[in-house]
């Protein structure tokens, strides 16, 4: 399955990345060079044992004999290491100030 | 002499446990230990060819903690006064946490990682943050936005990666213990390249609260030590349940340091079955690495172990599986770095342009490559062909391990990496570099614990031997490692 320039442009846009010019050419070449090695997976007989999310969870907790442990549903202090004001460049009247954006395009 | 090779300072010529005991007993001033540590750091980072292992230092904070070591029952602390360095993707309050990336330049976390809190509670003095491949994506530490780290044993070579700064810090004798992280071998492979011990615990053994996520079903915090005992001491301090990490397991952390039997018995491994997976010793394996590992297997036999050939038949699929699963998860995890919530922002008027410009200028080439690859394999039309198949094969890889460990084998022995440390800039093809993880990614995919320890050298460069154990059986793995280390003695380092 060869990956094209249009594929890379499309995927980069989904990932909010600007990829143009020589970088785009390089990515097309590199991704094809990588994906050719992934094609070996196409030869796997999937049978009826398709992996599911529960299999992934099973991998994560293998040997535990149970699913991932859940945290107790208890309120905590939520204490911060620094004052709220220190988390952003500007803070006023209980709000963080953010740059004005002219458009959402 | 090179910047680090063999030049051990006072801080590193004694085991971490012995250092802590001397400091606890009042026979060693932790401030003097810090003097030696920062002196060593200045030495390896000075001169014409610095190691570039350290990104941030915190002498003031370390000295403040040193002054308070005896407060609140400090006399029992296992790492009392022991200097420790931490990888730059683990959150600290007093130093930036930048993941070796421009996009997080200057970012200081508002909370501290659980492993850092536990180290400090155990009496460790956190002295520095270490260099790494950007967002832990790499096998050579050449992908750091702050320049590559050099291997202290040969300054023209890479230290391995992605935790190359931590490995180099220990190998150069600046600290006895350093913390790294693993997604596909990022502690074990640099440990192998730098001639130190590196451990990846069972998935769930160590809290990841405060570890910047790369691939969440694979990530695990790991430990470097100058020797097996140092690594055991470090892992004992950080292991165990943490309510802040839902993947953290509730079982108690085991004692890992070698027992007196391991230390003194002539046949400490009598009754132990060591598996030798044939897929990890292919015809193409570097002859020097093979010969060194064969000698280590002979040493294990002389210690009383039975060495048995076993098969992990899906091993050759591990790299394709890993490089689908890990980038897929990374593409999701790294979506949060958008110019709004963390680190740098390219100021533009439109929101989408701001996102794209920030991410494109903030991420390096390898991170960009993996985000695009991960987004591609998850996108409509390719999900079934790549991601779903990779998950199925991952399940089979895990079953391979479960089958071997249920057949009476307790520990597997393999080379950690197919080669010794390569020259800086020598590997430019992305997939060729990915292949240096070929023997390590399987343990991450299966979730089992694994470690690398030095077993010899080829042309002066260290070779790591890898031990892999069943889920949650770090204790047996460390027992074998300690016995093997003792048997090999100085031959592991020449």
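Given the options A:8, A:40, A:36, name the one that is outside any loop (DSSP other than H, G, I, E, B), modelled with pLDDT under 95 and within 7 Å of another protein chain (Cβ to nearest Cβ). Walk me through how you get there before you give the answer.
On the way: A:8 fails: modelled with pLDDT under 95; A:36 fails: within 7 Å of another protein chain (Cβ to nearest Cβ).
From the options A:8, A:40, A:36, the qualifying one is A:40.
Given the criteria at the interface with chain A (Cβ under 9 Å from one of its Cβ atoms) and in contact (Cβ under 8 Å) with a residue 12 or more places away in the chain, does residue B:348 qualify? Lay out the reasoning, then the answer.
Values: at the interface with chain A (Cβ under 9 Å from one of its Cβ atoms): yes; in contact (Cβ under 8 Å) with a residue 12 or more places away in the chain: no.
For residue B:348, the condition - at the interface with chain A (Cβ under 9 Å from one of its Cβ atoms) and in contact (Cβ under 8 Å) with a residue 12 or more places away in the chain - is not met.
Looking only at the stretch B:102-127, which residues are in a helix (DSSP H, G or I) and under 19 Å from the mean Cα position of the chain (by Cα)?
So in the stretch B:102-127, the residues in a helix (DSSP H, G or I) come out as B:102-104, B:114-121.
Result: B:114, B:115, B:116, B:117, B:118, B:119.
So in the stretch A:15-25, with the set limited to residues that are without any contact (Cβ under 8 Å) to a residue 12 or more places away in the chain and surrounded by 15 or more Cβ atoms within 10 Å (Cβ to Cβ), which one is nearest to residue B:380 (Cα to Cα)?
For the stretch A:15-25, the residue satisfying everything is A:15.
Output the residues belonging to the stretch B:141-157 that are surrounded by 24 or more Cβ atoms within 10 Å (Cβ to Cβ) and in contact with a strand residue (DSSP E or B) (Cβ under 6 Å, 6 or more places away or on another chain).
Hit for the stretch B:141-157 is B:151, nothing else.
Filtering the stretch B:3-13 down to residues that are within 28 Å of residue B:77 (Cα to Cα) and surrounded by fewer than 17 Cβ atoms within 10 Å (Cβ to Cβ), which residue is modelled with the lowest pLDDT? Quick ask: steps written out before the conclusion?
Here is the first cut: in the stretch B:3-13, the ones within 28 Å of residue B:77 (Cα to Cα) are B:8-13.
Then drop every residue that is not surrounded by fewer than 17 Cβ atoms within 10 Å (Cβ to Cβ), which leaves B:8, B:10, B:13.
Working: B:8: 40, B:10: 43, B:13: 75.
Out of the qualifying residues, it is B:8.
State the number of residues belonging to the stretch A:11-33 that are assigned to a helix (DSSP H, G or I), under 16 Å from residue B:360 (Cα atoms), under 22 Å from the mean Cα position of the chain (by Cα) and at the interface with chain B (Cβ under 9 Å from one of its Cβ atoms). So that I can check it myself, show each step before the final result.
First pass over the stretch A:11-33, keeping only residues assigned to a helix (DSSP H, G or I): A:11-14, A:21-33.
If we keep only those that are under 16 Å from residue B:360 (Cα atoms) too, we end up with A:11-14, A:21-27.
When the remaining residues are screened for being under 22 Å from the mean Cα position of the chain (by Cα), the result is A:11-14, A:23-24, A:27.
Still in the running and at the interface with chain B (Cβ under 9 Å from one of its Cβ atoms): A:11-14, A:23, A:27.
Qualifying residue count, the stretch A:11-33: 6.
So, in the stretch B:358-383, exactly how many residues are surrounded by 17 or more Cβ atoms within 10 Å (Cβ to Cβ) and outside any loop (DSSP other than H, G, I, E, B)?
So the answer is 17.
Among the listed residues B:51, B:33, B:79, which satisfies the condition of being under 22 Å from residue B:112 (Cβ atoms) and surrounded by 20 or more Cβ atoms within 10 Å (Cβ to Cβ)?
Values: B:51 fails: under 22 Å from residue B:112 (Cβ atoms); B:33 fails: under 22 Å from residue B:112 (Cβ atoms).
The match here is B:79.
Quick check: anything in the stretch B:191-202 more than 23 Å from residue B:83 (Cβ to Cβ) and more than 14 Å from chain A (Cβ to nearest Cβ)?
The answer is yes, given that some residue of the stretch B:191-202 is more than 23 Å from residue B:83 (Cβ to Cβ) and more than 14 Å from chain A (Cβ to nearest Cβ).
If residue B:384 satisfies all but one of (1) farther than 30 Å from residue B:467 by Cβ; (2) more than 8 Å from every other protein chain (Cβ to nearest Cβ); (3) under 25 Å from the mean Cα position of the chain (by Cα), what's the number of the condition it fails?
(3)
In the list B:258, B:254, which residue meets the criterion of being within 20 Å of the chain's Cα centre (by Cα) and outside the structural domain of residue B:212 (by TED's automatic domain parsing)? First the steps, then the outcome.
On the way: B:258 fails: within 20 Å of the chain's Cα centre (by Cα).
None of the others qualify; the one that does is B:254.
Which of the residues spanning the stretch B:248-266 are within 12 Å of residue B:205 (Cα to Cα) and either surrounded by fewer than 20 Cβ atoms within 10 Å (Cβ to Cβ) or more than 14 Å from every other protein chain (Cβ to nearest Cβ) (or both)? Before the answer, list the steps.
Filtering the stretch B:248-266 for residues within 12 Å of residue B:205 (Cα to Cα) gives B:248-254.
Answer for the stretch B:248-266, where residues must be within 12 Å of residue B:205 (Cα to Cα) and either surrounded by fewer than 20 Cβ atoms within 10 Å (Cβ to Cβ) or more than 14 Å from every other protein chain (Cβ to nearest Cβ) (or both): B:250, B:251, B:252, B:253, B:254.
State yes or no: is residue B:443 surrounded by 21 or more Cβ atoms within 10 Å (Cβ to Cβ) and within 14 Å of chain A (Cβ to nearest Cβ)?
Yes, satisfied.
Please go through (1) within 11 Å of chain A (Cβ to nearest Cβ); (2) surrounded by 24 or more Cβ atoms within 10 Å (Cβ to Cβ) for residue B:355 and return the number of the only condition it doesn't satisfy.
Residue B:355 satisfies all of (1) within 11 Å of chain A (Cβ to nearest Cβ); (2) surrounded by 24 or more Cβ atoms within 10 Å (Cβ to Cβ) except (2).
The values are calculated or read from the model by the stated rules, or taken from the named source; none is laboratory data. Note that the coordinates shown come from a computational prediction; the quantities given were computed from them, not determined experimentally. Counting neighbours? That spans all protein chains shown, and the Cβs are built from the backbone with ideal geometry, glycine included.
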